[in-house]
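In what follows, a structure is listed as structure tokens, so that the remarks can point back to it.
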Amino acid sequence: MSKEAILEVKHLSKSFGANAVLKDIDFVVHPGDVTSIIGSSGSGKSTLLRCINLLETPTSGDVAFHGDSVVDKKVNAAAYRAKVGMVFQSFNLFNNMSVLENCIIGQTKVLKRNKEEAKEKAMQYLTKVGMNPYINAKPRQLSGGQKQRVAIAGVMAMKPRCIVLDEPTAMLDPNGRREVIKTVHELNRQEGITVVLITHYMEEVIDADRVVVIDGGHVVMDGTPKEVFSRVKELKKYSLDVPQVTELADELKEAGMDLPYGILSIDELVDELVPLLK
């Protein structure tokens, strides 16, 4: 295993009875990177995440954290999950607790922090995600995007090395999605937190450092967003969309315009088009 990898998935397979969901999955996650995992429904993304977080045991293969295997039965799963925090699409907040209490409970139960230290850490991260004005609110009083930001603050307060998000914006409207993804990228930049993001919204992928594409339980592509999204026809073959601007640029290229592959933003497209239209 390379020294710089924080997580490494090696020849990972997972079957449920005769149904092989993951087949010989290999990829690494480097410290400080945002790695996005994409694939159509049923491709195996969520099962992969559950194996990484020890919610499922791989049938074969390995998951290593800083070079040490975590699938061994002797591994303390709770201690490992405190280092590799998980955010689910369903928020996972306690409805009878306030925002602040939701961000304190994991620290006191798992890390055995005292109440004062846990409160201080909770406030630090609720402030970072812009939710400090809502510390006394109950989850039912919050929008979906606000709930997800509280969930992220609760995980971050545990001071993990890596945060794993399983379709965190799937239940949100476009504004909520933007809020949550912006929060994730800010934490990545400011705290150096390593991020593994599973999503089916391609616009959330373009700012990642690496993209891993899964289809039928296999890794079928692995590269930078530019490398992956330059393969528009292949992605469509795997029932995946591409960002609208990438699709438009691809159609213009097909029509004969001299454009590069893998355009990811409107600004990038405009910069390429202006000289051609002069």
Scanning region 18-58 for residues that are in contact (Cβ under 8 Å) with a residue 12 or more places away in the chain and among the polar types (S, T, N, Q) gives 35, 36, 40, 41, 43, 46, 47, 53, 57
Taking first residues from region 219-233 that are more than 25 Å from residue 11 (Cα to Cα) and second residues anywhere that are at pLDDT 95 or above and open to solvent by 10 Å² or more (accessible area, probe 1.4 Å), the pairs with Cβ under 7 Å that are 6 or more apart or on different chains are none
Within region 57-104, residues among the hydrophobic types (A, V, I, L, M, F, W, C) and out of contact with any helix residue (DSSP H, G or I) (no Cβ under 9 Å at 6 or more places or on another chain) come out as 64, 75, 77
Residue 167 vs (1) touching a strand residue (DSSP E or B) at 6+ places or on another chain (Cβ under 7 Å); (2) farther than 29 Å from residue 30 by Cα; (3) of a type outside the set (Val, Ile, Thr): all pass except (2)
*Any residue in region 185-200 that is at pLDDT 90 or above, within 19 Å of the chain's Cα centre (by Cα), open to solvent by 20 Å² or more (accessible area, probe 1.4 Å) and within 19 Å of residue 46 (Cα to Cα)?*
no
Within region 225-259, residues of a type in the set (Gly, Ala, Ser) and in contact with a helix residue (DSSP H, G or I) (Cβ under 9 Å, 6 or more places away or on another chain) come out as 230, 249
Scanning region 244-267 residue by residue, those charged (D, E, K, R), touching a residue at least 12 places away in the same chain (Cβ under 8 Å) and assigned to a helix (DSSP H, G or I) turn out to be 247, 250
Is it the case that region 152-163 has a residue that's closer than 21 Å to residue 106 by Cα, touching a helix residue (DSSP H, G or I) at 6+ places or on another chain (Cβ under 6 Å), open to solvent by 20 Å² or more (accessible area, probe 1.4 Å) and not polar (S, T, N, Q)? yes
When restricted to 73, 121, 115, the only residue modelled with pLDDT under 90 and of a type in the set (D, E, K, R) is 73
Notebook entry, point to check: What do you reckon, is residue 4 open to solvent by less than 80 Å² (accessible area, probe 1.4 Å), of a type in the set (D, E, K, R), in a loop (DSSP other than H, G, I, E, B) and touching a residue at least 24 places away in the same chain (Cβ under 8 Å)?
Noted result: no
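Check 15, 98 and return the single one that is surrounded by 13 or more Cβ atoms within 10 Å (Cβ to Cβ), hydroxyl-bearing (Ser, Thr, Tyr), free of Cβ contacts under 8 Å to residues at least 60 places away in the same chain and farther than 28 Å from residue 146 by Cα.
After ruling out the rest, the residue left standing is 15.
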Residue 87 fails exactly one of (1) in contact with a Ser or Thr (Cβ under 9 Å, 6 or more places away or on another chain); (2) open to solvent by less than 20 Å² (accessible area, probe 1.4 Å), namely (1)
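Is one or more of the residues making up region 181-199 in contact with a strand residue (DSSP E or B) (Cβ under 9 Å, 6 or more places away or on another chain) and among the charged types (D, E, K, R)?
The answer is no; no qualifying residue exists.
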Here the qualifying pairs (Cβ atoms under 7 Å; residues six or more apart or on different chains; first in region 116-139 and assigned to a helix (DSSP H, G or I); second open to solvent by 80 Å² or more (accessible area, probe 1.4 Å) and not β-branched (Val, Ile, Thr)) come out as 139/95
When every residue in region 224-278 that is open to solvent by 60 Å² or more (accessible area, probe 1.4 Å) and among the small types (Gly, Ala, Ser) is compared, the one farthest from residue 39 (Cα to Cα) is 256
In region 140-156, residues that are within 25 Å of residue 28 (Cα to Cα) and either of a type in the set (Asp, Glu) or not in a helix (DSSP H, G or I) (or both) total 0
The residue from 206, 214, 181 that alone is open to solvent by less than 70 Å² (accessible area, probe 1.4 Å), assigned to a loop (DSSP other than H, G, I, E, B) and not acidic (Asp, Glu) is 206
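The values are calculated or read from the model by the stated rules, or taken from the named source; none is laboratory data. If you're wondering where the values come from, they're calculated on a predicted model, not measured in any experiment. Don't worry about glycine lacking a Cβ; one is built from the backbone with ideal geometry, like all the others, and counts go over all protein chains shown. Just so you know, the surface numbers come from the protein's heavy atoms only, side chains and all, with ligands and any DNA or RNA stripped out. Shrake-Rupley method; radii C 1.70, N 1.55, O 1.52, S 1.80 Å.
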